[in-house]
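The values are calculated or read from the model by the stated rules, or taken from the named source; none is laboratory data. What you see is a predicted model, and the numbers here were worked out from it, not measured in a lab. Backbone-built Cβ (ideal geometry, glycine too); neighbour counts: all protein chains shown. Note: areas computed on protein heavy atoms with side chains; ligands, DNA, RNA excluded. Shrake-Rupley method; radii C 1.70, N 1.55, O 1.52, S 1.80 Å.
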Amino acid sequence: MTSDAHDWIFLAAAAPFLAALVAPLLHRLLGPLAGWLLALVPLAIFVGFCSLIPAVSAGNAVTVGIDWMPAYGFRLSYFIDGLSLLFALLITGIGTFIVIYAGGYLKGHAQQGRFYSYILMFMGAMLGLVLADNLILLFIYWELTSITSFLLIGFDHTRRASRRAALQALLVTGAGGLSLMAGVLLIAAVTGTKEMSQVLLTGDMLRSSALYLPIFLTVLGGAFTKSAQFPLHFWLPNAMEAPTPVSAYLHSATMVKAGVYLLMRTQPVLGGTDLWMTVLPLFGGVTLLVGTLLAVRQTDLKLMLAYTTVASLGLLVMLTGTSNEIAIKGAVLYLFAHSLFKGALFMVAGCVDHEAGTRDIRKLGGLRQAMPITFGAALVAAISMAGLPPMIGFIAKEVLYEGLVDVSWLLVIVAVAGNVLMFVVGFSVALKPFLGPQVHTPKHAHEGPVSLWLGPVVLGAATLLTALAVGWTGDALIVPMTAAVYGQPVTGELHLIPQYVGWALLLSLVTIGLGVAAYRVVDVLRSRIDHLVSAIGWGPDRGFDQFVALTVAGATRLTRLLQPGRLEVYLTTVIVLTVATLLLPMIAYGTLPSMPTGIDLTYYEGTIFLIALLGLVAVLRARTRLIAIVSLGIQGFAVALIFMLFGAPDLSFTQFMVETLSVVILALVMTRLNVAERDHRPTRQRLIDGTIAVAGGAGFGLLLLSVTQVPFNRKLTDFFDAYSLTIAHGRNIVNVIIVDFRGLDTLGEITVVMITGLAILALVRISGRARIAVVPEERAAPDATDPRVRS
Amino acid sequence: MEAAIAGLVAAFFAASLYLMMSKQIIRILLGVAILGNAVNLLLFTCGRLTREVPPIIAGDAMVPDGVTANALPQALILTAIVISFSFFAFLLVLAFRAYQELGTDDTDQMRIAEPLGEAGPPTGY
């Protein structure tokens, strides 16, 4: 369905960026009100997308687009089906409360305006990512999320840990972005279209293509880095250095799901193969287990949640990788549920941190009286996370178990194990800080302002209401998205109360039983895992540091090797390469010129050639300055004579003048220099340099010989001969060319001479006035023991 | 004729390259001066050689009479001579001033911009 009626989607995609533009100003003008006002932007977009629910759930995808760079197949086009619609609703819906929450959380922060700006920019990037139809556009938005995420993680840029986390996230997700770029280009090459909506109609074309494996790997490279799959998961917990609104929004509810989005988006055209159904469940399953185990180990509220986010992403990848209809429906439900409860729990963790002054679970307790509203929201979210009724998380778990039972019992076991630990962590976060005796906290805790608890409360309420109204949720959101991911229309109703006693219900009961048991021994579990991780001692996080250090050290060493700061090395490199380009092709292709048989010079020509050679030898062998200068003059004058003999009196005249001047200036300067006259090169070095020089001379000589052995094209010369007098009215053709045919060139030449003169004047004049300031310590004294200093 | 001058050009290039690979600024400068001549001779010969007849149109003719030397490379070289002389003069003064400031004519000892044992870029974050 394409219609002008949907042109507002362009505005919706641009609105967050526009809001980001005015956010700092608005913050300065309105102070605390700015957060509430800016939240209206995502809210308006949310309402706009709600209006698409009827059309999309009826199976009508919406596409809008305009040509941007048609020559490259680049369109500004958006495509809204069940998958992008649910994502868009989550991004804008949760985004609304995140902006409000940020208003309260960062109140009084000097850079709050900038923060609004960043987070709105991110919102625009993420929204564009899920809406983009054009593959290039998708890639651009994908990179924008990486960059905005970098800015947000490094928001507190005075702390080293923040900077490191930001750089880490940027490098990992940026590398994935490059991989994705290769992937989308390959997809475009195979399918012949750059529109995702068209690619989705190509059926088996990608799966049966010879390029399937590279496409699969590059798309996975993008998805796995963004969605923090093991062993690339390490950047996500580190990203918790960001302020809590960022963690809640980017690193749980939205951005990290971009990888899952990509997998879900391409599932209809890439999924269903053995490769897909092996690699995805494998990595997803491992990520689920590793994530939950590491989550249990943590004592910091945010880190616990971060690792369960890693685990949840693993679960989603695993479910998407089954390519099974019911499992995918489970994935969709779980994704929806996870965004709600994890967003809420992160905001709760932020509230507790903000009000009590610590996030360490061991230093928290008994806050239920001080913070009842927060406690309520946390409890609801944790029940959903644990997969207990009557929350949407329960339905998600039922459906995903039902789907996995059909696929593989191994995956069922992995999922149950993961969910048990998720249950433990969920309740640890929700119960531990609030129950038990009141513990003394760094700050005197009390309920935060409405901006802080509004988000958790609304998301908690959504967790409950979408479950109670699951019939509507299923028809309006879940089934359309499942159809988009599965690639075919799907049916099936969702029920809050299980309709029959099946494996799913039994597995849920097992999960709950084991979860309760594990919760009672969580402290033992924690110390066990802690011991295990300490015993391993090395992880990808440390590996990242080693990688960065190695890269910098390697680059430093390479730079030192290529740029040792020694002129003769640079010159030798340049000369050797020049000689190689001259000689090697001639030798390799056998195009050496034919050797002359005799020398047809007159005796006076031969004499002058000899004088020139003598001059050169004398320069090379000169033992005193004066001899060197005079010898230089000899070869110069000999050249002037050669010009004279071969019909170039103008050249000869100029050469005489220039050589005379050179000798005079050189004599003036050299007599002021107290320099060593002898060549200081050791014999070995002389031999090497001499060989290179002789090879170079031979190269140029052979080049010249080759040139003179091909037929000569006199076209230009004939032109100048013919028109010198008739057009330019001059009888000396050389002069006519200089001042007339190539007059502008001569003007350039004069300019060069003038500028050189000025530069020389400047060099002479600054003498003694502005000495080059060298701080004694910095001036590297030539160290006699340093092997790099030769003689 | 061309073969002989090709040999001479080879000698010019060899001498110039050998001098330029030295560490002493003065020898490098001598090399640069010779390089200018080498390149000019190369260009000159590429335009083919004609003995003793300059490209000048006689007083009663509209075009050159008979075979004359090739005017085009001469015009190019005329520009090149002047430019290379400017270049040489500038380098000479630069070398002189560098010697005054740094007290050495050895390029290896001119190390203000690239000190020995310079620390690498920071490895932290």
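A few notes on this one:
- Taking the Kirkwood radius as Rh and the Cα radius of gyration as Rg, the stretch A:598-737 has a ratio of Rg/Rh equal to 1.07.
- Comparing the stretch A:405-556 with the 2.2 N^0.38 Å rule of thumb, its C-alpha radius of gyration ratio is 1.50 (two decimals).
- Net charge dipole, the protein assembly as shown: roughly 2440 debye, given to the nearest 20, about the Cα centre with Cβ charges of +1 for Lys and Arg and -1 for Asp and Glu.
- A crude spin-label estimate for the pair A:Met595 and A:Val752, with each label 7 Å from Cα along the Cβ direction, gives 3.8 nm.
- Measuring between their Cα centroids, the stretch A:529-586 and the stretch A:420-470 lie 50 Å from each other.
- Values of log10 I(q)/I(0), in the order q = 0.08, 0.11, 0.15, 0.17 Å⁻¹, for the stretch A:1-270 under a Debye, Cα-only, solvent-free model: -0.32, -0.60, -1.08, -1.33
- Semi-axis lengths (Å, descending) of the ellipsoid that matches the C-alpha gyration tensor of the stretch A:1-99: 28, 18, 9
- When the listed pairs A:Lys226/A:Lys363; A:Lys226/A:Lys302; A:Lys107/A:Lys342; A:Lys329/A:Lys432; A:Lys107/A:Lys226; A:Lys397/A:Lys443 are checked against a 28 Å cut-off, the alpha-carbon distance exceeds it for A:Lys226/A:Lys363; A:Lys329/A:Lys432; A:Lys107/A:Lys226; A:Lys397/A:Lys443.
- Using heavy atoms of the protein chains and a probe of 1.4 Å, the accessible area assigned to A:Cys50 is about 50 Å².
- Percent RCO, i.e. relative contact order, over the stretch B:22-125, from Cα pairs under 8 Å lying at least 6 residues apart: 32 percent
- Separation of alpha-carbon centers, the stretch B:79-124 and the stretch A:339-411, rounded to whole Å: 68 Å
- Only helices enter this figure: runs of n ≥ 4 DSSP H residues, each worth -39500 (n - 2.57), summed and divided by the residues of chain A, yield -23000 deg cm²/dmol at 222 nm to the nearest 500.
- Cα radius of gyration and Dmax for the stretch A:72-190 (Å): 16.1, 53
- Using a Förster distance of 60 Å, the FRET efficiency for A:Ala618-A:Thr551 (Cβ separation, nearest 0.05): 0.70
- Taking all C-alpha pairs of the stretch B:77-125, those more than 17 Å from each other amount to 57 percent.
- Heavy-atom accessible area ranking, 1.4 Å probe, most first, across A:Thr299, A:Thr148, A:Thr671: A:Thr671, A:Thr299, A:Thr148
- Its Cα gyration tensor gives the protein assembly as shown an equivalent ellipsoid, and the semi-axes of that ellipsoid, as √(5λ) in whole Å with the largest first, are 77, 33, 26.
- A:Asn732 long-range amide H proximity, modeled H, under 5 Å: B:Ile57
- Test item: Cα-centred dipole of the stretch A:1-270, Lys/Arg +1 and Asp/Glu -1 on Cβ, debye: 860 debye
- Solvent-accessible surface (1.4 angstrom probe) belonging to A:Leu29, in square angstrom, nearest 10: 130 Å²
- Per the Debye calculation on chain B with a single equal scatterer at every Cα and no solvent contribution, log₁₀ I(q)/I(0) for q = 0.18, 0.22 Å⁻¹ amounts to -1.01, -1.22.
- Computed about the Cα centre, the dipole magnitude for the stretch A:463-597 is approximately 500 debye when only Lys and Arg (+1) and Asp and Glu (-1) carry charge, each at its Cβ.
- log₁₀ of I(q)/I(0) at q = 0.14 Å⁻¹ - the stretch A:274-520, Debye sum with one point per alpha carbon: -0.86
- List A:Lys342, A:Lys443, ordered by accessible area with a 1.4 Å probe, largest first: A:Lys443, A:Lys342
- Per residue of A:717-727, other chain Cβ atoms within 10 Å of the residue Cβ number 4 on average.
- Around the amide H of A:Asn134, modelled in the peptide plane, lie the amide H atoms of A:Ser77, A:Met196, all under 5 Å away and 5 or more residues distant in sequence or on another chain.
- Heavy-atom accessible area ranking, 1.4 Å probe, most first, across A:Tyr116, A:Tyr307, A:Tyr500: A:Tyr500, A:Tyr307, A:Tyr116
- Solvent-accessible area of A:Ile755, all protein chains in place: 100 Å² (probe radius 1.4 Å, heavy atoms, ligands and nucleic acids excluded).
- Look at the stretch B:88-100: the mean tally of other chain Cβ atoms within 10 Å of its residues' Cβ atoms is 6.
- Once backbone amide H atoms are built at 1.01 Å from N, A:Gly436 has A:Gly366 as its partners under 5 Å, excluding neighbours fewer than 5 places away on the same chain.
- Length-normalised contact order for chain A - Cα pairs under 8 Å, 6+ apart - percent: 10 percent
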